[in-house]
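The values are calculated or read from the model by the stated rules, or taken from the named source; none is laboratory data. Fair warning: this is a prediction, and the values are worked out from it, not measured in the lab. Backbone-built Cβ (ideal geometry, glycine too); neighbour counts: all protein chains shown.
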């Protein structure tokens, strides 16, 4: 990524607080949480932390910085009814994708809709399946990013200060400060894919790398301008939507999605743009991406020293644990008994049971793929 002095917003400097919209991306399949997450019951609807669904928790965070009429969700057609019911948002605030095209198209469509209604709008892009306990700190950080985005025209991303050399996250290389007008904000030198263990340790030691949380803040018009430069294929695909920017024209949406490339917003725009900044933050954050990360988030402990046992966590059901430690168990109607085992994910949803080492649980997509090949769509 090249350095950039930062283009000014096309509508000039803003002195007042920007009009801030929250866009929640809820279109993923959540295959790494099989068998609890399915096509008909996606990961954002799971109730795994604190009793509320991940989507409900995300909505609560969004409402701390965006008004109810300025919260949007983008989701797939197969989940639309459940997402609308869970969110309680008006129908025109739930953008239903006719087919999966990854996050670049989802974000661009939302930007097109929001810019048509509110040309000065700043968007905060959130994932529906993150766990962020400190909602107040999160909202404060989003507001800081929004002010910087409104004044500068830059694309901002939250960078989580790493607490361990994690190989499961992408990283952001932090550059020089963005300027006296933007204290605590830095230019992004580059985005880095998930590193190996040795490189992750170097990143942690250097103090110049942040976890890429996938939380972005930018003016809607600034994002669309960057799409035109960085992702011309996506820009061309948006042409039918530019003709119907405010309407719910199903034909235009279908035409746009039929042409759109399937690519993440990180790859399509953020990694290519010359005008990306980051705000480093140190509040607790997890993308709750796997059974293993959920176990860590819920305090499933590993043994510390010879003869010691780590803690288990039971998410429900009738579970018997004997001489077993460091397990995550999701029970159903039948009794589950664990004897003399350690470090397992045992997930029983009634029609399917997953038994996996927690450290290997990120590979559960292989199970989903195999079931698909066997024609077991009823289980996926």
Looking at segment 126-220, what strands (runs of 3 or more DSSP E) fall wholly within it and have at least 3 residues that are over 20 Å from residue 103 (Cα atoms) and touching a residue at least 24 places away in the same chain (Cβ under 8 Å)? 171-177, 186-192
Among (1) assigned to a helix (DSSP H, G or I); (2) buried (at least 17 other Cβ atoms within 10 Å of the Cβ); (3) in contact (Cβ under 8 Å) with a residue 12 or more places away in the chain; (4) in contact with a helix residue (DSSP H, G or I) (Cβ under 9 Å, 6 or more places away or on another chain), the one test that residue 73 misses: (1)
Of the residues 89, 95, which single one is part of a strand (DSSP E or B) and touching a strand residue (DSSP E or B) at 6+ places or on another chain (Cβ under 8 Å)? 95
What's the number of the only condition in (1) free of Cβ contacts under 8 Å to residues at least 12 places away in the same chain; (2) out of contact with any helix residue (DSSP H, G or I) (no Cβ under 6 Å at 6 or more places or on another chain) that residue 371 fails to meet? (2)
Can you find, within segment 117-146, the residue that is nearest to residue 183 (Cα to Cα) among those that are surrounded by fewer than 20 Cβ atoms within 10 Å (Cβ to Cβ) and out of contact with any helix residue (DSSP H, G or I) (no Cβ under 9 Å at 6 or more places or on another chain)? 144
Conditions: (1) within 23 Å of the chain's Cα centre (by Cα); (2) at pLDDT below 95. Residue 265 meets all but one. Number of the miss? (2)
So which residues in segment 47-69 are free of Cβ contacts under 8 Å to residues at least 40 places away in the same chain and farther than 30 Å from residue 19 by Cα, if there are any at all? 47, 50, 51
Please go through segment 353-370 and give me each residue that is more than 24 Å from the chain's Cα centre (by Cα) and either part of a strand (DSSP E or B) or at pLDDT below 95 (or both), ordered by number. 353, 354, 355, 356, 357
Which of the following residues is surrounded by fewer than 21 Cβ atoms within 10 Å (Cβ to Cβ) and under 30 Å from residue 162 (Cα atoms): 236, 201? 201
Would you mind stating whether residue 300 is surrounded by 14 or more Cβ atoms within 10 Å (Cβ to Cβ) and in contact with a strand residue (DSSP E or B) (Cβ under 7 Å, 6 or more places away or on another chain)? yes
Please list, ordered by residue number, the strands (runs of 3 or more DSSP E) wholly in segment 238-350 having 2 or more residues that are more than 27 Å from residue 38 (Cα to Cα), in contact (Cβ under 8 Å) with a residue 24 or more places away in the chain and in the same structural domain as residue 105 (by TED's automatic domain parsing). 276-281
Result of the Cβ filter at 7 Å on segment 11-29, keeping first residues that are at pLDDT below 70 and partners that are part of a loop (DSSP other than H, G, I, E, B) and crowded, with 24+ Cβ neighbours inside 10 Å, at least 6 apart or interchain, is 29/42
